[in-house]
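Engineer: My structure is below; once you've seen it, I'll send some questions.
The values are calculated or read from the model by the stated rules, or taken from the named source; none is laboratory data. Keep in mind the model is a prediction, meaning the values are calculated, not measured. Here the Cβ positions follow ideal geometry from the backbone for every residue, glycine too, while neighbour counts run over all protein chains shown.
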Amino acid sequence: MPRTALRICPLCEATCGLTLTIEGTTVTGARGDRDDVFSRGFICPKGAAFGGLDADPDRLRTPLVRRDGRLREATWEEAFQAIADAVPALVRAYGPQSVGVVLGNPNVHTMAGQLYPPLLLKALGTRNLFTASTLDQMPKHVSSGLLFGDPFAIPVPDLDRTDFLLLLGANPVESNGSLCTAPDFPGRLKALRARGGTLVVVDPRRTRTAKLADRHLAPRPGSDALLLAALAQTLLAEELTDPGVLAEHTQGIGELAEALGGFTPEAVAPACDLTAEEIRALARDLAAAPTAAVYGRIGSCTVEYGTLASWLIDVLNILTGNLDRPGGALFPLSATDRAPRPAGPGKGFSLGRWHSRVSGHPEAKAELPLAALAEEIDTPGEGRIRALVSIAANPVLSAPDGRRLDAALAGLDFMVSVDPYLNETSRHAHVVLPPAPPSQSAHFDFSFNTFAVRNQVRYSPPAVPLEDGRMDECEIHARLVLAVSGMHGTDPGAVDDLAIGATLARECADPDSPLRGQDPARLAGLLAGGSGPERRLDLMLRLGPYGDRFAAAPGGDGLGLDRLRAHPHGIDLGPLRPRLPGLLRTRSGRIELLPDPIAAELPRLRGTLTDRPAALVLVGRRHLRSNNSWLHNVPALAGGSNRCTLQVHPDDAARLGLTDGRPARITADGGSLEVPVEVTDTLRTGVVSLPHGWGHDRPGTRLSVAAAVPGVNVNQLLDGSRLDPLSGTAVLNGFPVELTPIP
Ligand SMILES: Nc1nc2c(c(=O)[nH]1)N[C@H]1C(S)=C(S)[C@@H](COP(=O)(O)OP(=O)(O)OC[C@H]3O[C@@H](n4cnc5c(=O)[nH]c(N)nc54)[C@H](O)[C@@H]3O)O[C@H]1N2
Ligand SMILES: Nc1nc2c(c(=O)[nH]1)N[C@H]1C(S)=C(S)[C@@H](COP(=O)(O)OP(=O)(O)OC[C@H]3O[C@@H](n4cnc5c(=O)[nH]c(N)nc54)[C@H](O)[C@@H]3O)O[C@H]1N2
Ligand code: SF4
Ligand SMILES: [Mo]
């Protein structure tokens with residue numbers, strides 16, 4: 001008899017609740033969980049393909065260990081022993097910086113990826129940390145760090161209540177949203193319009209999201225910072241600002257007005273390829289809306305002025321009084337956040353506390369640019385990275401210049417990949433540790449709850465018991481921490497106990513904590529949960545803003561794991577509420593509207609006003625049935641319109657002699673590719689589009705479906721030198737390319 005089980009979908013940031021159909025131990029179906037407190041039954045084609053992905057026959061079932069140059073199946077004991085033999089010895093010989101760590105996107109979609117990497121980094125003592133954030137949202141962390149003193153204080157648009165949404169460089173109808181967790185994002189946009197609200201989309205492509213909009217502006221890629229600066233300048237010059245209660249918590253409005261003085265609509269219009277009237281009208285409409293939210297994503301981040309654009313987005317929210325008010329952009333309060341503390345000055349946020357070895361890139365949020373990983377490995381000299389731990393990452397496809405990285409990885413002394421697939425990156429590992437499939441893993445969204453448009457909390461225990469021979473990813477991470485610390489053989493539960501002990505010791509010693517003076521060991525004994533990670537989750541929930549704080553009185557309604565498990569469809573914690581000034585951590589204790597590193601970048605931005613724009617630039621695109629580099633192996637998601645084609649506007653195609661369906665050669669800094677052309681007028685002229693995550697034609701992988709339709713790797717067009725300098729984020733959108741037909 002088939003049964004059902006609930007599981008939060010890990011395949012994108014929307015975190016929909018799924019109802020899985022299970023026969024024996026196999027997931028045979030997935031539909032939306034109608035009773036889910038947040039997603040209310042919504043599902044997309046990826047969630048519906050959960051079963052196929054979960055049971056993909058190409059998923060590795062056992063660890064692989066390299067012997068005599070070849071990866072062979074091995075036992076877990078052999079795999080961890082190989083790591084214990086290699087990594088501590090390299091650290092002894094060459095120091096902690098000789099080990100690099102790469103953390104990829106799915107770490108934000110697993111419990112393991114949130115609970116253990118900080119412990120791994122501490123155990124290794126390395127500063128060579130590279131993550132997908134520097135291909136993605138690091139500009140937002142940096143701008144939030146500078147504005148609010150906390151790089152994780154990222155406001156999200158109040159989608160369900162706003163009157164006016166200005167959306168830049170995001171296509172949530174295909175991506176289902178990012179840094180804004182909102183199941184059924186498309187439905188929420190339609191609801192915004194149905195209640196009389198206004199949607200304005202800024203995107204060089206007429207995306208499915210743009211098609212839903214009241215107004216679509218298609219500026220030249222990379223020009224968002226200029227456009228946003230002109231919007232802010234107009235608000236300031238026309239006295240349309242109305243920060244309201246924010247004024248008393250904000251410093252630097254006068255300095256801002258002066259710094260943005262030169263960015264008039266007339267000045268930026270040619271560079272943006274918009275009219276000054278369009279820009280002015282947008283500023284006025286934004287100011288006039290009863291409530292409004294400005295929100296930007298990939299197209300506003302992975303560009304040369306990504307940090308400035310990210311900063312200006314919040315500047316607009318602040319100037320219009322929409323930050324931190326219902327209907328504007330608010331800071332969620334997640335159940336595993338630290339409980340709010342009293343307002344007051346904090347430590348602030350600094351950039352460049354250390355620099356990368358080869359190019360001297362400044363760190364941001366303790367990370368170095370992923371685009372610089374290859375040179376840190378292949379450039380000789382002291383401090384070179386000789387060993388790499390890669391967790392849930394496929395940088396050979398997702399980062400610039402995969403060919404160079406490919407060669408660099410092949411030259412490492414030692415590499416570990418924690419990955420379910422043998423793919424373009426993990427094929428270089430000496431040890432591959434494959435996590436159990438999602439149906440066999442518990443799930444909690446530590447990360448996405450902090451970006452959710454409604455406060456809520458949900459937990460999925462494993463839907464299917466752990467199969468014989470499989471290892472839960474949490475245990476893999478815990479054992480990895482032990483193996484690199486010279487403690488291989490210790491019970492992995494010790495890693496969780498240490499983490500719990502450290503948190504409780506800190507809380508019990510903290511004069512501001514409700515637990516001050518209590519006995520950490522006694523509290524640890526009270527934790528619920530059948531595993532180390534569950535106990536850690538219980539601790540975070542109980543200490544969090546909705547937690548029971550270990551209150552002695554039973555029957556209270558404070559949160560903990562037991563209470564959460566009694567609500568399998570989740571617990572709704574209400575709409576987003578204002579959180580200022582409590583969350584500010586700047587040195588001044590106020591919003592610092594014009595931080596020094598930003599002020600120093602503005603002249604460079606102004607300099608671009610006189611640049612001659614490139615004739616042809618490239619932007620990316622996402623397809624609903626795809627996800628970065630790793631969903632091309634599921635037959636239900638492959639094929640159809642999910643193809644790696646180069647979209648070209650009909651006028652450009654005619655000018656360059658390109659024909660729909662025929663190949664063209666595209667060339668840029670990092671190399672050239674042959675790719676089939678798709679002529680479409682959904683792009684503006686002067687812009688071509690190629691999706692990322694393709695190029696599955698390297699030998700030595702085990703991706704039978706993906707390898708049959710490999711596509712090309714767009715990131716081979718980049719050499720890794722184009723970065724947003726403040727955040728170290730790679731420029732993945734708006735870089736110049738040349739196109740020629742292939743006869
Ligand atoms: N040109 C261009 N490049 C881009 C982008 C773009 O827009 N344009 N987008 C960028 C963005 S936003 C991102 S986030 C990055 C993503 O790039 P990466 O961080 O490299 O992530 P993915 O490509 O999604 O690869 C994920 C890896 O994790 C593995 N994996 C899947 N599930 C699990 C799991 O449960 N546990 C573990 N341990 N591993 C798992 C997969 O097999 C795969 O190897 O790509 C970036 N690259
Ligand atoms: N189906 C699917 N969903 C996904 C993913 C996926 O690969 N597939 N990836 C997930 C990940 S890791 C992330 S980070 C999110 C990303 O979520 P989104 O940011 O919504 O993703 P994109 O679809 O890449 O949207 C970026 C848009 O920016 C536009 N753009 C490019 N350059 C510029 C520019 O200079 N200015 C402006 N204004 N627009 C520009 C592009 O045309 C594109 O439409 O999606 C997540 N969800
Ligand atoms: S929208 Fe995202 S979370 Fe929801 S079902 Fe689709 S992939 Fe899963
Ligand atoms: Mo991403």
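Engineer: Among the candidates Ala218, Ala182, Ala194, single out the residue that is without any contact (Cβ under 8 Å) to a residue 24 or more places away in the chain, aliphatic (A, V, I, L, M) and in the same structural domain as Gly262 (by TED's automatic domain parsing). Step through it out loud before you land on a result.
Structural biologist: Numbers: Ala218 fails: without any contact (Cβ under 8 Å) to a residue 24 or more places away in the chain; Ala182 fails: without any contact (Cβ under 8 Å) to a residue 24 or more places away in the chain.
Going through Ala218, Ala182, Ala194 in turn, the sole match is Ala194.
Engineer: Another question, then. Just to be sure, is Leu11 more than 16 Å from ligand 3 (Cβ to nearest atom) and closer than 30 Å to Ala371 by Cβ? Walk me through it before giving the result.
Structural biologist: Details: more than 16 Å from ligand 3 (Cβ to nearest atom): no; closer than 30 Å to Ala371 by Cβ: yes.
No: the conditions fail for Leu11.
Engineer: I would also like to ask the following. Exactly one condition in (1) surrounded by 20 or more Cβ atoms within 10 Å (Cβ to Cβ); (2) farther than 30 Å from Pro157 by Cα is not met by Gly501; state its number.
Structural biologist: (1)
Engineer: Let me ask something additional. Can you confirm whether the stretch 244-251 contains a residue that is out of contact with any Pro (no Cβ under 7 Å at 6 or more places or on another chain), closer than 20 Å to Gly321 by Cβ and buried (at least 22 other Cβ atoms within 10 Å of the Cβ)?
Structural biologist: yes
Engineer: Moving on. Given the options Asp136, Asp203, name the one that is within 16 Å of ligand 1 (Cβ to nearest atom) and not assigned by TED's automatic domain parsing to the domain that holds Ala309. Reasoning before the result, please.
Structural biologist: On the way: Asp203 fails: not assigned by TED's automatic domain parsing to the domain that holds Ala309.
On inspection, the qualifying residue turns out to be Asp136.
Engineer: For the condition buried (at least 22 other Cβ atoms within 10 Å of the Cβ), hydroxyl-bearing (Ser, Thr, Tyr), under 30 Å from the mean Cα position of the chain (by Cα) and in the same structural domain as Leu120 (by TED's automatic domain parsing), what is the one hit in Ser447, Ser439? Walk me through it before giving the result.
Structural biologist: On the way: Ser447 fails: buried (at least 22 other Cβ atoms within 10 Å of the Cβ).
Going through Ser447, Ser439 in turn, the sole match is Ser439.
Engineer: Continuing with the same structure: Go through (1) surrounded by 24 or more Cβ atoms within 10 Å (Cβ to Cβ); (2) under 19 Å from Thr291 (Cβ atoms) and name the single condition Ala194 misses.
Structural biologist: Of the numbered conditions (1) surrounded by 24 or more Cβ atoms within 10 Å (Cβ to Cβ); (2) under 19 Å from Thr291 (Cβ atoms), the odd one out for Ala194 is (1).
Engineer: Among Thr307, Thr291, which is β-branched (Val, Ile, Thr), in the same structural domain as Asn176 (by TED's automatic domain parsing), in a loop (DSSP other than H, G, I, E, B) and in contact (Cβ under 8 Å) with a residue 40 or more places away in the chain?
Structural biologist: Result of the check over Thr307, Thr291: Thr291.
Engineer: Considering only residues that are closer than 12 Å to Thr740 by Cβ and aliphatic (A, V, I, L, M), look in the stretch 654-672 and name the one that is surrounded by the most Cβ atoms within 10 Å (Cβ to Cβ).
Structural biologist: In this case the residue turns out to be Ile666.
Engineer: Testing Tyr116 on (1) over 30 Å from Arg622 (Cα atoms); (2) buried (at least 20 other Cβ atoms within 10 Å of the Cβ); (3) hydroxyl-bearing (Ser, Thr, Tyr), one condition comes back false. Which one is that?
Structural biologist: Condition (1) is where Tyr116 drops out.
Engineer: Moving on. Hey, among the residues in the stretch 584-633 that are among the aliphatic types (A, V, I, L, M) and in contact with an Asp or Glu (Cβ under 6 Å, 6 or more places away or on another chain), which one's nearest to ligand 1 (Cβ to nearest atom)? Talk me through it step by step, then tell me what you get.
Structural biologist: Just the residues of the stretch 584-633 that are among the aliphatic types (A, V, I, L, M), to begin with: 584, 591, 593-594, 598-600, 602, 605, 609, 614-619, 624, 631.
Among the residues that remain, those that are also in contact with an Asp or Glu (Cβ under 6 Å, 6 or more places away or on another chain) are: 594, 624.
Values: Leu594: 28, Leu624: 15 Å.
Out of the qualifying residues, it is Leu624.
Engineer: Answer yes or no as to whether Leu739 is over 26 Å from the mean Cα position of the chain (by Cα), assigned to a loop (DSSP other than H, G, I, E, B) and aliphatic (A, V, I, L, M).
Structural biologist: Values: over 26 Å from the mean Cα position of the chain (by Cα): yes; assigned to a loop (DSSP other than H, G, I, E, B): no; aliphatic (A, V, I, L, M): yes.
Here the answer is no, as Leu739 does not meet what is asked.
Engineer: Here is a further query. Using the structure shown, decide if Arg215 is near ligand 2 (Cβ under 9 Å from one of its atoms) and of a type outside the set (Phe, Trp, Tyr). I'd like the intermediate steps shown before the answer.
Structural biologist: On the way: near ligand 2 (Cβ under 9 Å from one of its atoms): no; of a type outside the set (Phe, Trp, Tyr): yes.
So Arg215 fails the test.
Engineer: Would you check if Gly640 is away from ligand 4 (no atom under 16 Å from the Cβ) and at positive phi? Walk me through how you get there before you give the answer.
Structural biologist: On the way: away from ligand 4 (no atom under 16 Å from the Cβ): yes; at positive phi: yes.
Yes.
Engineer: Out of the residues in the stretch 124-137 meeting the condition of being small (Gly, Ala, Ser) and surrounded by 23 or more Cβ atoms within 10 Å (Cβ to Cβ), tell me which one is nearest to ligand 3 (Cβ to nearest atom).
Structural biologist: First, pick out the residues of the stretch 124-137 that are small (Gly, Ala, Ser): 125, 132-133.
Within this subset, residues satisfying the condition of being surrounded by 23 or more Cβ atoms within 10 Å (Cβ to Cβ) are 132-133.
Details: Ala132: 17, Ser133: 20 Å.
Only one residue fits best here, namely Ala132.
Engineer: From Arg542, Arg549, Arg506, Arg522, which residue is over 30 Å from Arg61 (Cβ atoms) and part of a loop (DSSP other than H, G, I, E, B)? Full working, then the answer.
Structural biologist: Numbers: Arg542 fails: part of a loop (DSSP other than H, G, I, E, B); Arg506 fails: part of a loop (DSSP other than H, G, I, E, B); Arg522 fails: part of a loop (DSSP other than H, G, I, E, B).
Among Arg542, Arg549, Arg506, Arg522, only Arg549 is over 30 Å from Arg61 (Cβ atoms) and part of a loop (DSSP other than H, G, I, E, B).
Engineer: Asp681 is checked against (1) within 26 Å of the chain's Cα centre (by Cα); (2) closer than 20 Å to Pro204 by Cα and fails just one. What number does that condition carry?
Structural biologist: (1) is the only condition that Asp681 fails.
Engineer: Now for a different question. Being out of contact with any Cys (no Cβ under 9 Å at 6 or more places or on another chain) and not small (Gly, Ala, Ser) narrows it down to one of Pro691, Pro676, Pro710, Pro699, so name that one.
Structural biologist: Working: Pro691 fails: out of contact with any Cys (no Cβ under 9 Å at 6 or more places or on another chain); Pro676 fails: out of contact with any Cys (no Cβ under 9 Å at 6 or more places or on another chain); Pro710 fails: out of contact with any Cys (no Cβ under 9 Å at 6 or more places or on another chain).
Step by step, each of Pro691, Pro676, Pro710, Pro699 is checked, and only Pro699 is out of contact with any Cys (no Cβ under 9 Å at 6 or more places or on another chain) and not small (Gly, Ala, Ser).
Engineer: When the residues of the stretch 559-584 are narrowed to those that are touching a helix residue (DSSP H, G or I) at 6+ places or on another chain (Cβ under 7 Å) and of a type outside the set (A, V, I, L, M), which ends up farthest from Val37 (Cα to Cα)?
Structural biologist: Among residues in the stretch 559-584 that are touching a helix residue (DSSP H, G or I) at 6+ places or on another chain (Cβ under 7 Å) and of a type outside the set (A, V, I, L, M), the one farthest from Val37 (Cα to Cα) is Pro581.
Engineer: I'd like the full set of residues that are under 17 Å from Pro492 (Cα atoms) and touching a Leu at 6+ places or on another chain (Cβ under 9 Å), limited to the stretch 110-151.
Structural biologist: Met111, Gly113, Leu115, Tyr116, Pro117, Leu119, Leu120, Leu121, Ala123 - these are the residues of the stretch 110-151 that are under 17 Å from Pro492 (Cα atoms) and touching a Leu at 6+ places or on another chain (Cβ under 9 Å).
Engineer: Do you know which residues across the stretch 329-355 are within 22 Å of the chain's Cα centre (by Cα) and of a type in the set (Gly, Ala, Ser)? It would help to see each step written out before you state the result.
Structural biologist: The initial filter retains those residues of the stretch 329-355 that are within 22 Å of the chain's Cα centre (by Cα), namely 329-338, 349-352.
Correct list: Ala329, Ser334, Ala335, Ser350, Gly352.
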